[in-house]
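S.K.: One structure, pasted below without further comment.
Since every read-out is calculated from the coordinates, none of them should be taken as a lab result. What you are looking at is a predicted structure, and each value in this text was computed from that prediction instead of being measured. Quick reminder, even Gly has a Cβ in these numbers, built from the backbone with ideal geometry, and neighbours come from all protein chains shown.
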Amino acid sequence: MDNLVKIFDTTLRDGEQSPGATMTASEKLEVARTLARMGVDVIEAGFPAASPDDLEAVKRIAMEVGRPSGDITRVPVICGLARTTQNDIDKCWEAVREAAHPRIHTFIATSDIHMKYKLKMERAQVEAKVAEMVAYAHSLCEDIEFSPEDAGRSDPEFLYRVLEIAIKAGATTLNIPDTVGYTMPDEFGALIAGIKKNTPGIENCVISVHCHNDLGLATANTLAGIRNGARQAEVTINGIGERAGNTALEEVVMTLHTRHQVLDLDTHIDTTQLARASKLVSNYTGMSVQPNKAIVGANAFAHEAGIHQDGMLKNHLTYEIMLPETVGVLQTRLVLGKHSGRHALKERLAALGYALDEDALNKVFDRFKTLADKKKTITDADIEALVSDESYQHKVIFGLDGLMVSCGTMGLPTATVRLVGPDGQTQVHASIGTGPVDAAFKAIDAIVHTSSTLVEFVIHAITEGIDALGEVTVRIESCDLPAVQDAQNETGQPRTFGGYGADTDIVVASAKAYLSALNKMLVASGQYGEVELPAYQTIR
Ligand code: KIV
Ligand code: ZN
């Protein structure tokens with residue numbers, strides 16, 4: 001169908017590969033399930049040659065999300081990334097082969113600057129490598145995607161030749177990356193038009209676009225590519241990715257949806273799941289979404305100015321180009337209160353898309369009752385925060401058992417923390433710090449005995465009012481674990497881990513978020529064997 005734009009999601013590959021976006025295997029699986037339910041056509045599940053963990057994670061997604069199952073109506077293609085080497089391609093095939101629709105995505109740089117300084121290869125050598133390795137990948141897998149890395153800065157004539165070679169060797173999707181986010185929409189659109197016009201064999205292939213956001217132009221460039229003939233868009237949830245990120249899935253999808261009259265292009269995406277997916281990825285990675293982020297930011301549908309509010313009351317179309325419900329932003333305010341029972345909570349959770357087992361439901365219900373004692377009205381956002389928080393605060397290795405702080409202007413901020421350790425024993429420690437949060441983190445460090453640096457700490461209130469739940473996301477950088485190899489430039493980056501916590505007490509929420517990040521770091525260190533952080537299954 002010429003008016004269908006395939007959505008290729010690379011949150012788990014280009015997104016997860018970016019600093020700080022590390023996810024555990026079960027979190028990756030839950031993100032993949034969410035993407036599949038949302039209707040994503042292709043899930044790039046990882047870079048199998050990067051590490052044995054990556055390979056395992058992609059394999060699991062291929063087996064559990066890439067095959068027909070009850071709650072996923074259209075089975076997505078499961079794709080893995082590979083450099084143009086036999087080892088990478090073999091590992092990639094091993095990881096994706098169990099999927100109903102496997103794809104190998106192989107790439108090599110084609111810009112003069114990358115070939116000269118990074119690859120140290122001449123054009124003819126790159127051409128030969130493409131012919132050899134695309135053919136090799138195609139001997140294993142029917143569905144091959146090829147990317148000329150840094151296409152945005154490559155000589156177009158050379159690009160046409162390389163793409164023609166890839167097509168002859170068996171590639172059927174040709175992805176054009178603006179790897180460094182350098183091009184402008186008219187240039188990138190012209191590049192796609194030129195490829196469509198000048199590459200022999202391209203008429204039988206899908207042209208794909210993959211843009212980075214270094215100049216804030218990723219979505220504009222992606223749309224320019226689509227308007228010039230691309231029919232696959234490579235995107236990530238919340239636009240996470242290398243440096244300034246990748247094109248945001250939600251922005252492309254909602255532009256095609258909202259401006260359908262002009263563009264006449266469709267996707268398979270169920271837009272009502274966008275807000276949920278955004279929250280899931282933000283919680284799992286610890287990368288918070290800026291409040292004014294298009295589509296999924298906290299303020300994306302808020303109208304503050306008097307003139308705007310007045311217009312909205314008269315007719316919402318005055319200032320609203322899309323309905324919040326269309327992207328899954330819930331408008332319900334008062335849903336439950338202190339007299340609501342377990343059944344009511346269960347029903348509300350189901351309506352929000354959460355299927356919790358009895359144990360998890362009991363835990364969330366206890367939390368709900370405690371919250372209802374402190375807060376008169378419990379909103380959907382509060383309930384979602386409790387579920388997210390509970391899914392993070394399972395005692396995996398170290399669990400929070402108690403916290404007390406003293407702070408203010410009259411003394412040294414002090415925190416006393418009690419944790420339950422892996423052996424079930426409680427340990428208590430008191431520390432001083434520059435403030436109560438710092439003191440609490442120091443006390444936790446003293447018990448857990450790990451070394452990390454806090455690189456991000458974000459706190460915000462979920463709803464308005466003094467009794468609001470506070471939500472905290474943190475990212476920590478490991479000082480003990482070996483650096484991750486960035487597969488494209490082979491430079492090591494320290495490993496970072498995200499954590500999330502919610503509570504009416506912001507110091508408690510902070511301690512929970514910090515502990516959830518530390519627990520992930522401990523899991524990654526392998527000291528505690530094959531522990532897995534649980535991720536709640538959602539049903540929508
Ligand atoms: O940005 C890039 O060039 C990539 C390729 C591997 C597609 O991520
Ligand atoms: Zn990229």
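S.K.: Arranged by the count of other C-beta atoms within 10 angstrom, fewest first, what order do Met184, Met115, Met133 take?
M.R.: Going from sparsest to densest Cβ surroundings: Met184, Met115, Met133.
S.K.: Using θ = phi - 60° and the Karplus relation 6.51 cos²θ - 1.76 cosθ + 1.60, list the HN-Hα couplings for segment 233-243 in order, rounded to whole Hz, with x at every Gly or Pro.
M.R.: Each residue's phi maps through the Karplus curve to give 10, 9, 9, 9, 5, 6, x, 5, x, 3, 6 Hz.
S.K.: Follow-up. Cβ neighbours within 10 Å, averaged per peptide: list 38-44, 52-58, 433-439 in order, most packed at the top.
M.R.: So the order, starting with the most tightly packed, is 38-44, 52-58, 433-439.
S.K.: When a/c reaches 1.5 or more, the comparison of a/b and b/c decides; with that in mind, is segment 307-388 rounded, prolate or oblate per its Cα gyration tensor?
M.R.: prolate
S.K.: How much space per residue, in cubic angstrom, does the convex hull of the C-alpha atoms of segment 139-234 take up?
M.R.: Hull volume normalised by residue count: 81 Å³.
S.K.: Going by a ≥ b ≥ c, the root eigenvalues of the Cα gyration tensor, does segment 73-183 fall in the rounded group (a/c under 1.5), the prolate group (a/b larger than b/c) or the oblate group?
M.R.: Because a/c hits 1.5 or more and a/b exceeds b/c, segment 73-183 counts as prolate.
S.K.: Sorted by average packing, counted as other Cβ atoms within 10 angstrom per residue and highest first, what order do 262-274, 21-33, 419-431 take?
M.R.: So the peptides 262-274, 21-33, 419-431, ranked by packing, come out 21-33, 262-274, 419-431.
S.K.: Between segment 187-237 and segment 370-385, how many Å separate their Cα centres?
M.R.: 45 Å
S.K.: Ranking Val65, Val209 by Cβ neighbours within 10 Å, fewest first, what do you get?
M.R.: Ordered by Cβ neighbours within 10 Å, fewest first: Val65, Val209.
S.K.: OK, next. As I understand it, the value is the acute angle between the Cα axis of helix 86-96 and the longest principal axis of the Cα atoms of the chain; what does it come to in degrees, rounded to 10?
M.R.: Once rounded, the angle reads 50 degrees.
S.K.: Apply the Karplus parameterisation 6.51 cos²θ - 1.76 cosθ + 1.60, with θ equal to phi minus 60°, to every residue of segment 101-116 and state each ³J(HN,Hα) to the nearest whole Hz, in sequence, with x for glycine and proline.
M.R.: Along segment 101-116, the couplings run 10, x, 9, 9, 10, 10, 9, 8, 6, 10, 7, 4, 5, 5, 5, 6 Hz.
S.K.: Over the Cα atoms of segment 6-285, compute the convex hull volume and normalise it per residue, giving Å³.
M.R.: 115 Å³
S.K.: Here is a further query. Once you list every other residue whose beta carbon is under 13 Å from the beta carbon of Asn198, what net charge do they have if Lys and Arg are +1 and Asp and Glu are -1?
M.R.: Local net charge: -1.
S.K.: Here's another thing I want to ask about it. Which parts of segment 34-71 would a label at Glu98 reach, counting a residue when its backbone N lies under 13 Å from a point 7 Å out along Cα-to-Cβ?
M.R.: 55-68
S.K.: Spin-label point model (7 Å from Cα, Cβ direction): what's the Ser26 to Lys116 distance in nm?
M.R.: Distance between label points: 5.1 nm.
S.K.: For labels at Asp505 and Met404 in the simple 7 Å Cα→Cβ model, what's the distance in nm?
M.R.: Rounded to a tenth, the inter-label distance reads 1.0 nm.
S.K.: Shifting gears a bit: Only bridges whose two residues both fall in segment 1-131 count here: according to DSSP, what percent of them are antiparallel, nearest 5?
M.R.: The antiparallel fraction comes to roughly 10 percent.
S.K.: Same structure, new question: Once phi is turned into θ = phi - 60°, what whole-Hz ³J(HN,Hα) does the Karplus curve with 6.51, -1.76 and 1.60 give for every residue of segment 151-165, x standing for Gly and Pro?
M.R.: Each residue's phi maps through the Karplus curve to give 4, x, 10, 8, 5, x, 4, 5, 4, 4, 5, 5, 5, 4, 4 Hz.
S.K.: For Ile466 and Met322, what does the FRET efficiency come to when R0 = 25 Å and r is the distance between their Cβ atoms, rounded to the nearest 0.05?
M.R.: 0.20
S.K.: Still on this structure, I have one more. What is the set of long-range amide H partners of Leu4 at a cut-off below 5 Å, with H atoms built 1.01 Å from backbone N?
M.R.: Amide H neighbours of Leu4, under 5 Å, 5+ apart: Asp266.
S.K.: Another one. On the principal axes of its Cα set, how long, how wide and how thick is the chain? Give whole Å, largest value first.
M.R.: 72, 59, 46
S.K.: So, one more: Using alpha carbon centroids, what distance separates segment 161-182 and segment 64-107, in Å?
M.R.: First find each Cα centre; the distance between them is then 19 Å.
S.K.: How big is the gap, in Å, between the Cα center of segment 243-275 and the Cα center of segment 417-446?
M.R.: 44 Å
S.K.: Between Lys168 and His268, what is the spin-label point distance in nm, taking each point 7 Å from the Cα along the Cα→C-beta axis?
M.R.: 3.3 nm
S.K.: To the nearest 10 degrees, how steeply does helix 218-227 sit against the main Cα axis of the chain, on a 0 to 90 scale?
M.R.: Long axis of 218-227 versus the principal axis of the chain: about 40 degrees.
S.K.: Between Val428 and Ala244, what FRET efficiency follows from the Cβ-Cβ distance if R0 is 45 Å, with the result rounded to 0.05?
M.R.: 0.55
S.K.: Nothing charged except the Cβ atoms of Lys and Arg (+1) and of Asp and Glu (-1): what's the magnitude of the dipole of the chain about its Cα centre? Round to the nearest 20 debye.
M.R.: My answer is approximately 600 debye.
S.K.: What angle, in degrees between 0 and 90 and rounded to the nearest 10, separates the Cα long axis of helix 52-64 from the longest principal axis of the Cα atoms of the chain?
M.R.: Between the helix axis and the principal axis of the chain, the angle is about 90 degrees.
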